1. Take the chain, connect every pair of alpha-carbon atoms lying under 10 Å apart with a spring to form a Gaussian network, then pick out the residue of Val68, Val11, Val47 with the largest mean-square fluctuation.
2. Between rounded, prolate and oblate, where does the stretch 24-74 land on the alpha carbon gyration tensor, with a ≥ b ≥ c its root eigenvalues, rounded for a/c under 1.5, else prolate if a/b exceeds b/c?
3. If you line up the long axis of helix 9-28 against the longest principal axis of the chain, both from Cα atoms, how many degrees apart are they, to the nearest 10?
4. Highest GNM mean-square fluctuation, the chain, Cα pairs closer than 10 Å: which of Asp67, Asp43, Asp28?
5. Could you tell me which residue out of Tyr54, Ile65, Ala24 lies farthest along the dipole of the chain toward its positive end? Charges go on the beta carbon: Lys and Arg +1, Asp and Glu -1, centred on the Cα centre.
6. How large is the helix-only mean residue ellipticity at 222 nm for the chain, computed as the sum of -39500 (n - 2.57) over DSSP H runs with n ≥ 4, divided by its residue count, in deg cm²/dmol to the nearest 500?
7. Could you work out the relative contact order of the chain, using alpha carbon pairs under 8 angstrom and six or more residues apart, expressed as a whole percent?
Amino acid sequence: MPRIDPPPDWVLQRRRVIGDRIRAARRDRGMSQERLAELAGMDRQAVGKLELGYTSPLLDTLLRIADVLDVELSDLVRRKE
């Protein structure tokens, strides 16, 4: 079984930035984690983990979140402010 190394620090930092953007967009719309999860076909714990940068979302998940929040996917994942 191949060994999987943990992601480098810069990847973990980018996950946190993306999570912060998801949280900000959700809050701007007055939406709870529960509601975002429901509309995006996820569970609330998964949304919480994404917002904290604990997990790496699939592209399909990011697309659903962007759609529910009515933001461009690029606004969530762009490299710089």
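Bear in mind that the values in this text are calculations on the coordinates, not laboratory data. All values reported here derive from a predicted model rather than from experimental measurement. We place every Cβ from the backbone using ideal geometry, glycine too, and count neighbours over all the protein chains shown.
1. In the Gaussian network model the winner is Val11.
2. Working: a/c = 1.36, a/b = 1.08, b/c = 1.26.
Here the stretch 24-74 falls in the rounded category.
3. The angle comes out at about 10 degrees.
4. With Cα springs under 10 Å in the chain, the top fluctuation among Asp67, Asp43, Asp28 is at Asp28.
5. Projecting each Cα onto the dipole axis, the largest value belongs to Tyr54.
6. -19500 deg cm²/dmol
7. Numbers: 65 pairs, mean separation 27.1, N = 81.
It rounds to 33 percent for the chain.
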